[in-house]
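Notes to accompany the following structure.
The values are calculated or read from the model by the stated rules, or taken from the named source; none is laboratory data. None of the values given here were measured: they were computed from a predicted structure. Here the Cβ positions follow ideal geometry from the backbone for every residue, glycine too, while neighbour counts run over all protein chains shown.
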Amino acid sequence: MSTLEVQGLAKAFGGVQAVDGVSFALAEGELLAMIGPNGAGKSTCFNMLNGQLRPDEGSIRFRGRELAGLAPRRVWRLGIGRTFQITATFASMTVLENVQMGLISHRRGFSGLLGRAGALYREEAAALLARVGMTEQAERACGVLAYGDLKRVELAVALSNDPGLLLMDEPTAGMAPAERVELMGLTAAIVRERGIAVLFTEHDMDVVFAHADRIIVLNRGALVAQGSPAEVRDDARVREIYLGSAAAGAGAS
Amino acid sequence: MILVQFLTGLASAASLFLVAAGLSIIFGVTRIVNFAHGSFYMLGAYIAYSLVQRLGGGPLGFWGAVLLAALAVGAIGVVVEVLVLRRIYRAPELFQLLATFGVVLVVQDLSQWIWGPEDLLGPRAPGLDGAVQIFGEYLPEYDLALIALSPLVLGGLWLLFHRTRWGTLVRAATQDREMVAALGVNQAWLFTSVFFLGAFLAGLGGAAQLPKGGADLLIDLNIIAAAFVVVVVGGMGSITGAFLAAVLIGELNAFGILVFPEITLVLMFLVMAVVLVIRPWGLMGKPETPGHARAGPAEPLLAPAGRHHRWAWLALLAVLLVLPAVAGDFTLVLAMEILIAALFAYSLHFIMGPGGMVSFGHAAYFGLGAYGAALLVHHLAVPMELALVAGPVLAGFGALLFGWFCVRLSGVYFAMLTLAFAQITWSVAFQWYGFTGGDDGLLGVWPAEWASARAAYYYLVLVLTAGGILFLRGTIFARFGYAIRAGRDSPLRADAIGIDVQRHQWMAFALAGILAGLAGALYAFSKGSVFPDELSIPRSVDALVMVLLGGVQTLSGPLFGAAAFTWLQDTISRLEFWRLILGITIIVLVVLFPQGLGGVFRQVEERLRGGAAEAERAP
Ligand SMILES: Nc1ncnc2c1ncn2[C@@H]1O[C@H](COP(=O)(O)OP(=O)(O)OP(=O)(O)O)[C@@H](O)[C@H]1O
Ligand SMILES: [Mg+2]
């Protein structure tokens, strides 16, 4: 059974059909890249998957459960982690505490008025931070970290609920090229060892072709191609989309 | 009868609309919620009163006075903008609101000094002092003039905004301030002129209602609370929305008098509630686009007290414990007041600091606690112990009810709504004479026999306030406290890791209400009486000032803020113009230290430590 099954997903903003009947599936442990030129509808798709937007039409099934219309916090509770295009962390907490928050939420919830939350799940949080290479920064405030490090923290937080699926919208946006490949390599290694499926969007084709098992291509809200990296690379329509719109070349945008 | 009542409602909507429109226009361009707008309205009424006396009561004299009063208030608005607001456009919203509240205090004392404390009866409008008969009912002729005023002003504003270059600029600035700056428009001039227009409208509203309502020293806060309701219901920044909401509220008041004469404001509350549930951003407003990150300085890390701080707290507690043995009555009473104020301030700090919700109506829960206890003692003669529980419980229910609506909004909208709820609660206590004793308050609320000695009651206060404060501090570091801090730091991320932000904010609001209620109940028994003042806006602002004095970002702040403020107020309230002094102090503090005193202390501390800013942890 697929981990994620998306059927006929659609969303319009006013007159703009941002996403137009998109269907695809994600196998367990698969790394699927969603690519497409600017404005293709990738973020809109993502926001429907993670609950930030309610789809006009279509169904999203995660391990057989319908997600469409659920709030983000419910989506998370079902075992889906996410990172943001522009990082979102708790600035008044340490790196370690940020990860502890995810663990506390996953295991106990937040209704306790007594006891020190800071003492909960420290070892587990430290282990996650070690995995993303952030051990040395564990006691620093999230508000003062470099951007690339924030991305790592987000990854650790996203892993804190033992997810079966990670959603990553432009995980490497705003980073230097070398750092991008490295971060995506780290992500790929982690999800492979844990059998987590990943859906990510990305503009950097080097990153995409280095790590994706499969690629789906969106253009003007519709799915125009899907397949292995090699198949997509050779697809005539994909070439046309990318070469036709000069601005969206293989580089960063 | 229905028609006449309807027309009465329309007439009363006029001044409300004028004030709300001015408020909205100023907010649209400058992003400042002008607390002093009610003061402009009050000044309009007073100045028109004096001018009518000077110019005589003929048609020219009366209408001339109304217009001149409005122009004069516009000019006063310009002075306020240039002297105060221009310096704080970049300060956090909270400080801007506080500075404009400083203006409220200053205007109150100056008005009392110039026009005296008695209510002034408005002059009659020449030629319109009769009544017209409609279906056998009488409607004052002047009401017809007021009914005509709102559409005229609405039309005039529309022409101004759509047919003049200035209006186009104002609309552009409302949409996007940076763009106007980029166009090379003189921004300072634009802001000043907008302020003139807004103040002019408020002054016009105050002057125009003079024949109906006269002038007194309470109308400033009454009208501003009503105007906040109008703006929240109508949608911030929308003039048409303000018009619709003003008419709605005016009609509600007109018909409410027939149905529910004692507490018309309850109806207003119900309508506001319905509107906010269906359209949280108001009838004609646009939804706020959720911001990714909050503006303002980054929050420092928060950590439990270290060993040194813990010793300091214990030492303080020891001093407080032996105080009755060494200090006289005066000191003991002051210490009690400080302890109660500190609990009140901590309860506000809890939602403001970790929760990130700035309430301008926290006195509602202090007052509900005080009234809850006092009403039980007064009407049912229940023992003190029970009343001390019942007061906070009532406050908690009030906070649950009001908070449910408030947490749906954020930022200044949240502040305005909390203030409106507090003012509604105040009005109920003020108007419902048979139950609450109205202005006369409730007397004879004395402690039980065993606690009636001053030292005994002092120990009771000490135990309960210290317990409450420790409980709140503990909560901040418990899971619940982390959750509300997460909601403040990044609602997006909090939601993404499974936190129901609104629900936690709601619960925090209720918890803060309960502890404010405990402070209120203790206060009632310490004074032996309660008055509507306990619920009033100035008391809400007291708490804000205490928290800000101590610094929002520190955990010991509210205690020091409460001590400093209570002592200061105790000292200056003996002076004749203490509101003036307090108002000017607030304004000066905000203008000089737009980041708050706490921020200044932290900067100094950081400098002393050689800029080890990062290792810095709030005490
Ligand atoms: N909230 C919104 N309101 C109106 N239109 C929107 C909204 N969000 C997206 N759109 C429109 O929907 C279309 C798809 O946008 P989307 O952000 O999903 O594209 P994208 O593939 O993520 O682009 P990029 O690569 O630039 O991030 C665009 O035409 C965009 O203008
Ligand atoms: Mg995008």
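Looking across B:GLY468, B:GLY481, B:GLY474, one residue alone is within 14 Å of another protein chain (Cβ to nearest Cβ) and surrounded by fewer than 20 Cβ atoms within 10 Å (Cβ to Cβ). It is B:GLY474. Comparison of A:GLU57, A:GLU30 shows that the only residue that is within 30 Å of A:GLY102 (Cα to Cα), surrounded by fewer than 22 Cβ atoms within 10 Å (Cβ to Cβ) and not hydroxyl-bearing (Ser, Thr, Tyr) is A:GLU30.
Only a single item in (1) away from ligand 1 (no atom under 16 Å from the Cβ); (2) of a type in the set (A, V, I, L, M, F, W, C); (3) surrounded by fewer than 20 Cβ atoms within 10 Å (Cβ to Cβ) is not met by A:MET93, and it is number (3).
For region A:77-99, a residue qualifies if it is closer than 24 Å to B:PHE477 by Cβ and facing another protein chain (nearest Cβ under 8 Å), and the qualifying residues are A:ALA88, A:THR89, A:PHE90, A:ALA91, A:SER92, A:MET93, A:THR94, A:GLU97.
Yes/no per residue for (1) over 15 Å from A:VAL157 (Cα atoms); (2) more than 16 Å from ligand 2 (Cβ to nearest atom); (3) at pLDDT below 90:
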position: A:ALA18; (1), (2), (3): yes, no, no
position: A:ALA33; (1), (2), (3): yes, no, no
position: A:GLY41; (1), (2), (3): yes, no, no
position: A:ARG77; (1), (2), (3): no, yes, no
position: A:THR87; (1), (2), (3): no, no, yes
position: A:THR94; (1), (2), (3): no, yes, no
position: A:ILE104; (1), (2), (3): no, yes, no
position: A:GLY112; (1), (2), (3): yes, yes, yes
position: A:ARG116; (1), (2), (3): yes, yes, yes
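Cβ-Cβ distances below 9 Å connect the following pairs, each with a first residue in region B:530-542 that is touching a residue at least 12 places away in the same chain (Cβ under 8 Å), a second residue that is of a type in the set (Asp, Glu), and a separation of six or more residues or different chains: B:PHE531/B:ASP439; B:PHE531/B:ASP440; B:PRO532/B:ASP439; B:ARG539/B:ASP533.
When A:THR83, A:THR87 are screened for being touching a helix residue (DSSP H, G or I) at 6+ places or on another chain (Cβ under 6 Å), within 16 Å of ligand 1 (Cβ to nearest atom) and within 30 Å of A:ALA230 (Cβ to Cβ), only A:THR83 passes. For region B:499-538, give me each residue that is within 13 Å of chain A (Cβ to nearest Cβ), outside any helix (DSSP H, G or I) and surrounded by 24 or more Cβ atoms within 10 Å (Cβ to Cβ). Matches in region B:499-538: B:ILE499 only.
Checked against (1) in contact with a strand residue (DSSP E or B) (Cβ under 6 Å, 6 or more places away or on another chain); (2) modelled with pLDDT under 85, A:ALA236 meets all criteria but (1). Of everything in region A:159-181 that is away from ligand 2 (no atom under 16 Å from the Cβ) and within 14 Å of another protein chain (Cβ to nearest Cβ), the residue that is nearest to A:ASN47 (Cα to Cα) is A:LEU166. Of the residues making up region B:138-165, those that are closer than 14 Å to B:ALA14 by Cβ and among the hydroxyl-bearing types (Ser, Thr, Tyr) are B:TYR142, B:SER150. Consider region A:17-50 and keep the residues that are within 25 Å of B:ARG493 (Cα to Cα) and β-branched (Val, Ile, Thr). The one that is nearest to ligand 1 (Cβ to nearest atom) is A:THR44.
Taking region B:482-501 as the range and being touching a strand residue (DSSP E or B) at 6+ places or on another chain (Cβ under 9 Å) and in contact (Cβ under 8 Å) with a residue 40 or more places away in the chain as the test, only B:ARG485 passes. Are any residues in region A:185-231 in contact with a helix residue (DSSP H, G or I) (Cβ under 8 Å, 6 or more places away or on another chain), hydrophobic (A, V, I, L, M, F, W, C), at pLDDT 90 or above and more than 16 Å from ligand 1 (Cβ to nearest atom), and if so, which ones? A:LEU186, A:ALA188, A:ILE190, A:ILE196, A:ALA197, A:VAL198, A:ALA212, listed by residue number.
Restricting the search to region A:204-237, which residues are over 24 Å from A:VAL191 (Cβ atoms) and among the polar types (S, T, N, Q)? Residue satisfying the conditions is A:ASN219 alone.
Of the residues contained in region B:97-105, one or more are found to be touching a Lys or Arg at 6+ places or on another chain (Cβ under 6 Å) and either modelled with pLDDT of 85 or more or not assigned by TED's automatic domain parsing to the domain that holds B:VAL552 (or both). The condition (being assigned to a helix (DSSP H, G or I), more than 16 Å from ligand 2 (Cβ to nearest atom) and either in contact (Cβ under 8 Å) with a residue 24 or more places away in the chain or under 14 Å from the mean Cα position of the chain (by Cα) (or both)) is satisfied by just one residue among A:ALA210, A:ALA230: A:ALA210. When region A:2-16 is filtered for residues that are at negative phi and more than 7 Å from ligand 1 (Cβ to nearest atom), the ones remaining, listed by number, are A:SER2, A:THR3, A:LEU4, A:GLU5, A:VAL6, A:GLN7, A:LEU9, A:ALA10, A:LYS11, A:ALA12, A:GLY15.
For A:GLU154, the test of being within 16 Å of ligand 2 (Cβ to nearest atom) and in contact (Cβ under 8 Å) with a residue 60 or more places away in the chain is failed.
Each residue in region A:43-59 was checked for being within 14 Å of another protein chain (Cβ to nearest Cβ) and away from ligand 2 (no atom under 15 Å from the Cβ), and 1 pass.
The residue of region A:213-226 that is surrounded by the most Cβ atoms within 10 Å (Cβ to Cβ), among those that are assigned to a strand (DSSP E or B) and more than 16 Å from the chain's Cα centre (by Cα), is A:LEU218.
The residues of region A:182-204 that are closer than 26 Å to A:ASP20 by Cβ and either more than 16 Å from ligand 2 (Cβ to nearest atom) or within 14 Å of chain B (Cβ to nearest Cβ) (or both), listed by number, are A:ALA197, A:VAL198.
The set of residues in region B:469-493 that are touching a Lys or Arg at 6+ places or on another chain (Cβ under 8 Å) and either of a type in the set (Gly, Ala, Ser) or within 21 Å of B:PHE402 (Cα to Cα) (or both) comprises B:ALA478, B:ALA486, B:ARG488.
Pairing each residue of region B:73-96 that is outside any helix (DSSP H, G or I) with any residue that is surrounded by fewer than 20 Cβ atoms within 10 Å (Cβ to Cβ), provided the two are 6+ apart or on different chains, yields C-beta distances under 6 Å for B:ALA91/B:PRO594; B:PRO92/B:GLY296.
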